[in-house]
Structures are given as structure tokens and as C-alpha cells.
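The values are calculated or read from the model by the stated rules, or taken from the named source; none is laboratory data. All of these numbers come straight from a predicted model, not from anything done at the bench. Cβ: placed from backbone, ideal geometry, glycine included. Neighbour counts: every protein chain shown. The accessibility values were calculated without ligands, DNA or RNA, using every heavy atom of the protein model including side chains. Shrake-Rupley method; radii C 1.70, N 1.55, O 1.52, S 1.80 Å.
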Amino acid sequence: MFSFPWSSRPPTPPPEGMRCIPCSGQDLVVRDLVVTTGFIINMRLDAKALEQSLTKLVQNRFPRAGARLALRNGVYEFQVPLTFDSTTRPIAFTVEDFAEPYAQAGDRPPLPTNLAADLSEPFVCATPPLHGYFKSSTCPSALEGFLVPNTPLTHLHVALFDDITFIGITSTHIAFDALGTSTLLHAWTRLLNGETIDAIPGMDWDAAPFEAFQKPTTVTHQRGWFNLGLFGQLFFIVLFVWGLIRDPKEEQRIVRVPKSFLEERKREIMEELKSQGSSEYVGSSDILLAWWFKTLCSVRKTGDSTLVHIHMPINLREKRIFPGDSIMGTPYINNSVAAIAIPPIPIRAFQTASLGELALRIRCAVLAYNADIEGIKQDVHWRFMNPFVEHFPCPPGAEYTFQTNWRSAKFGDLDFSGARASRSAVEKGVDEAKVRTRVLLAVGYALSTKQLPMRGAGGMFMEDDDAVWTFQIRGQKEWAKIRRSGRVAFV
């Protein structure tokens, strides 16, 4: 339990009609972010079916998703209503119905998926300004908005067109990580598609899998992170701000990487390893990350010795760190994430080493981290007990990046067929019943309560049958250099 020691007021009792669960240290580390996960579905859906099914799911299987967030007696907590009704709603659900095809109004942003036909090489495109289709104007955009009494944690917005549907789920990051969002949404689509509510595993209202980590620890830091001291912090901040001054405008762009491209690179790398007598292995995600940083570093000064610290968030649910050396074992929507810190790589290595060498370097770091169960426990224990301690992802003079991977969330597999609207428009001459309802694209938007720059963040949103869709946030001038380099196409 994490409280603010300077509070001297008499304790506030729990509110009537609520069951209170303290937020874990895992949740509070990301308290300053509000995250929207958006989905573009290839046909019109029935908003009423969507709302009724999600409401039923939250009430009966995931009551934590229907909680309220509160700061009581200096402790952040989930307050789960004993009962839901018209005044205590399990979710905030909003709808806009445009009653026309998406492209009918010529000023709407083009969808990235329309650029993908017959392109066998990676490309970069602008992230279209679709926020308004994924999030209502009444949805909170900062942590403080979710602390307003009786504000649901889960806000779902649906924008309906005759040919596509936008679905956006928004909450403070305290409530969900990507795998938690995936857990809720996959259960939702199972219910939509006819499974009974009793057949769908849920999350107990009082689930507290990290409770075992709530005790003193002798661990002094989290691996891969740095306690810089006052001078080091000031130096770090000065260098970071200087970088923003030199390239002030931040841009998020989408990078689409075809699976055929990754498969060919993987074949070449595996043949190279085999010829060297090695039985080592690299995955497509390792290759994609190595390729991206080779692309980035190609525009930097030749021989640059600056170290790049790559942090890769990973899912803890399947790590044997819980009591009895077990995995978590039950659905859990709240934060269950740690970060692998890849040993720092100099920019010159990204410029000169082969793609295979870099991908193998990343893979070996992942394998070493996953094999060190005691080390993972120590990292989680320290972070759980120190959610408000500031530490830094790299020392001054180095660079850092956070690269998430949502592929295991399987957002591209979500099937909303059970909510198909009766007047969904499909291509003329095609039997509507035979058209597969699918996710065209999943995207994510994060807003920082502290308005912190997101520069350097990136990751893999989703994969479909043909490609992996990723995002990257860099400075506008850096994007211009990458475009001029010709290392990747811009469309």
C-alpha cells in the first residue's frame, strides 16, 4: 500500500456500496499516462449490441474494469461498486453515427490500410488524425479526470459509418496494460459471438497477484535503470532539452513491415547462423527491431559512439514469479509488466554490424532476461515497493528508447462478427454473409498528464495476415533525414 506521509487529516472511511482494492506499484508507475487503444473494423457494427455485451461482461466477469479510481487517505485505490445501475454505470459508452460511407466526405483522413496494397517492402506513413473517432469529447484526458467521483475507469467510444466502425477504449494506464486490454476485448468478442457468460473466464474483483511483493526488500534499483544523483539528473535533463530545442516538433508515424520481408530476412540470417555452426535462433520481432535501428542510425554521423539503451516491456503474467513459482494463471487486466534492458549498443554498431548480428544480440538479451527468474522477481519487487521513485533509462550522454510489442495481444484476431449491423455496406455483388469481419488496424495514443515528450517511444501495434504494423515517435527533422536517406519508402 502506498500512501503520502504528510497527510494529517482523520482517515476517510471506505465509501458505502464500494469494495476497495489498493492499486499496486505496477499500476502506479504509469499513473501519468492516459491511453486510448483504437480499432478500425471493416464494416458497420451494431452499437446497441456492443454496449449491452460489454456491460454484461464487466458486471459479471470483469468488475475491476467497472471500478472507480480514488485517492483516499493518500492511497490510490480501485473502488468496485457492489452493484451497477443507471447512476453507477460499469462503463462510459458513447456513440456517433455518421450514416454514410467513411470516404463520402472528402476531408476525412485517409486510412493507412488503403496504402498497403501490393507493397512488399516496408513503408512509413503519417499517423492520421483519427483521435476524434476513437474518443468522445467527454472522456477524461488526464489522471485527475478519472479521480472525479463516480467516473468509470473504462470509456468506450464507437463511431459508425456504413462501411467501417471505429472502436476506442480509453482509460488511465493505472487500469490497463496492453495485455490487460486484450484480455477484456477477447472476452468481449467471445460473448458477442455466442459463448455463454459462464463459459468465459473472468477476473475476481479482489485479485491481487502482486501481494507477495508487498514487503521490504534489500534490492536498491531495477536493472537497466540509473540513479543519477542531483548533478547527473540535471545533466540528463539539460541534454534532453537541448535535443528538443534542436528538433522541437514531435511526430508519430506508422511503419508497416510486410511479413514476407521479415521472413526473407529471417531465412538469410538463419542460413548464416547455420553456416557458422550455430544453433541459435532469432525471431521476426528481433529482426524488425534490429532493422528499424539500422535504418535510424544510418542517418547519424559515421562512427558515432553514442550508446543506445533499448527498453522492451514484457508481460509478467506467464513468468514463474508468483507464489509457488507459478504463473499468474487467471485473467488479469491491470498492469503486469516489466522491462528488458538490452545491453547498450553504440550507434556505430547499428551502422556496421549485419542485421543478423544485431537481431541475435537482441534475442540473446531476451533469453538471458527470461532465464533469470530471481532477477525478474527482484526487479518487480523493487518497482512494486518504489512506484514514486524517479530513476532514469540511461546515463547522461547516452540515448534511450522504449519499444513495446503488442503482437501477443493478438488485436488483429479480434472478431466482431456477432455485432455486425443489418445494414452494413459491402462491396457490390459480394455476399455479405461471406465477408469476414476483421480488424483493419489497431492503433494506440498516449497522453501524459505531465505533458512529457514521448520522443523515442515506439512499438508493434498489431499484425494482420500480411504485415506487422508499428509506430515510432521521432523529431520532425529526424524523420526528414530518414526520408532523404532512401533506406525506407515514405508514402
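A few notes on this one:
- Å² per residue, accessible surface of the chain at 1.4 Å: 46 Å²
- Stretching Asp415 away from Arg436 to a fully extended chain increases their span by 6.7 nm, per 0.36 nm per residue minus the current alpha-carbon distance.
- Projecting the Cα positions of Val299, Ile333, Ile310 onto the charge dipole of the range 287-397 (unit charges on Cβ atoms of Lys, Arg, Asp and Glu, taken about the Cα centre) puts Val299 furthest along the positive direction.
- Nearest-10 value in Å² for the accessible area of Lys259, using the 1.4 Å probe: 50 Å²
- For the residue pairs Lys56/Lys410; Lys135/Lys450; Lys319/Lys481; Lys266/Lys377, the alpha carbons lie more than 31 Å apart in Lys319/Lys481; Lys266/Lys377.
- Per-residue ellipticity at 222 nm from helix content only, as computed over the chain with -39500 (n - 2.57) for each DSSP H run of at least four residues, stands at -8500 deg cm²/dmol.
- Within the range 476-491: backbone nitrogen closer than 14 Å to the Lys249 label point (7 Å, Cα to C-beta): 476-481
- Local net charge near Ile21, Cβ-Cβ under 9 Å (Lys/Arg +1, Asp/Glu -1): 0
- Rounded percent of accessible protein surface that carbon and sulfur make up, the chain, 1.4 Å probe: 54 percent
- In sequence order, the range 157-174 has phi-based couplings of 10, 10, 10, 9, 10, 5, 10, 9, 10, 9, 10, x, 10, 10, 7, 5, 4, 4 Hz under the Karplus curve 6.51 cos²θ - 1.76 cosθ + 1.60, θ = phi - 60°, and Gly or Pro positions carry x.
- Local electrostatic count, Val124, Cβ distance below 13 Å [Lys/Arg +1, Asp/Glu -1]: +4
- The candidates Glu121, Glu318, Glu100, arranged from most to least accessible area with a 1.4 Å probe in the full protein assembly, appear as Glu318, Glu121, Glu100.
- Exposure of His157 as accessible area (Å², to 10), given a probe of 1.4 Å and all protein chains: 10 Å²
- 3J(HN,Hα) along the range 131-142, derived from phi through the Karplus expression 6.51 cos²θ - 1.76 cosθ + 1.60 where θ = phi - 60°, amounts to 3, x, 8, 9, 8, 7, 5, 8, 6, x, 10, 8 Hz, with x in place of Gly and Pro.
- On the basis of the beta-carbon distance and an R0 of 51 Å, Thr220 and Gln476 show a calculated FRET efficiency of 0.80.
- Charge tally for Phe62 (other residues, Cβ to Cβ under 11 Å; Lys, Arg +1; Asp, Glu -1): +2.
- For the chain, the residue among Gly324, Ala159, Ala359 whose Cα projects farthest onto the positive side of the dipole built from Cβ charges is Ala359.
- Label zone of Ala212 (point 7 Å out along Cα→Cβ, amide N under 14 Å): in the range 364-393 this covers 373-381.
- Separation of alpha-carbon centers, the range 249-326 and the range 178-193, rounded to whole Å: 28 Å
- Counting only whole DSSP H helices of the chain, the ones at least 15 Å long by C-alpha along their axis and with mean Kyte-Doolittle hydropathy no lower than -0.5 are 47-60, 178-192, 229-246, 284-297, 355-371, 373-385.
- Between Ala368 and Val75, residue separation times 0.36 nm minus the direct Cα-Cα distance comes to 101.9 nm.
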